[in-house]
Amino acid sequence: MTRHVLTVDLRDDPAAIDAYVAHHRNVWPEVLGSLRRAGVRDMTIYMLDRRLVMVVDIDGSDLRRAFAQHMAAGARVAEWETLMRGLIQPAPGSVPGDWWSAMEPIFRLQQQDASRAAPGGPR
């Protein structure tokens, strides 16, 4: 299982923000099933003002494949994704063409602990 962290911004529109939150309080069953069938084991979306951060755990490591499989799951999933895309915009620094953009990890406590325990590692 691999964890991915992604970010996107909500549009600067109170109605869009409210709609996004409301939809995610009651995600359509077809969307939930499609995510699970695509190998998504867990997903959490955090919000601060208009910035969203998604933490997603998937089987394997190919996030693009998992989301492509999800997107191809049927009309209801496509309808959901079109609706959500109308409420978001790429975050500053995003790769052109990406909506949700991968965030780069810069610190991991477990790696710090491992490097300190290694012979010759920092103390």
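A few comments on the model shown:
To keep it simple, each residue is scored yes or no on (1) open to solvent by 80 Å² or more (accessible area, probe 1.4 Å); (2) in contact with a Lys or Arg (Cβ under 7 Å, 6 or more places away or on another chain); (3) in a loop (DSSP other than H, G, I, E, B).
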| residue | (1), (2), (3) |
| --- | --- |
| Val5 | no, no, no |
| Gly60 | no, no, yes |
| Ala78 | no, no, no |
| Gly93 | yes, no, yes |
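- Inter-residue pairs, beta-carbon under 6 Å, first over 27 Å from Asp49 (Cβ atoms) and in the range 71-93, second aliphatic (A, V, I, L, M) and surrounded by 14 or more Cβ atoms within 10 Å (Cβ to Cβ), 6+ apart: Val77/Val31
- Residue that is nearest to Arg50 (Cα to Cα) [pool: residues in the range 10-28 that are open to solvent by less than 50 Å² (accessible area, probe 1.4 Å) and under 16 Å from the mean Cα position of the chain (by Cα)]: Leu10
- Take the conditions (1) in contact (Cβ under 8 Å) with a residue 12 or more places away in the chain; (2) surrounded by fewer than 16 Cβ atoms within 10 Å (Cβ to Cβ); Leu52 misses just one of them, which is (2).
- Just so you know, in the range 35-49 the residues that are open to solvent by 30 Å² or more (accessible area, probe 1.4 Å) and outside any strand (DSSP E or B) include one that is farthest from Ala22 (Cα to Cα), and it is Arg37.
- Selection status of Val31, touching a strand residue (DSSP E or B) at 6+ places or on another chain (Cβ under 8 Å), hydrophobic (A, V, I, L, M, F, W, C) and surrounded by 15 or more Cβ atoms within 10 Å (Cβ to Cβ): no
- Residue check for Ser101: surrounded by 11 or more Cβ atoms within 10 Å (Cβ to Cβ), among the small types (Gly, Ala, Ser) and within 23 Å of Asp13 (Cα to Cα): yes
The values are calculated or read from the model by the stated rules, or taken from the named source; none is laboratory data. From a predicted model like this one, the values you see are computed outputs, not experimental measurements. With ideal geometry, Cβ positions are generated from the backbone for all residues, glycine too; neighbour counts draw on all protein chains shown. Keep in mind that these areas ignore ligands, DNA and RNA; they rest on the heavy atoms of the full protein, side chains included. Shrake-Rupley method; radii C 1.70, N 1.55, O 1.52, S 1.80 Å.
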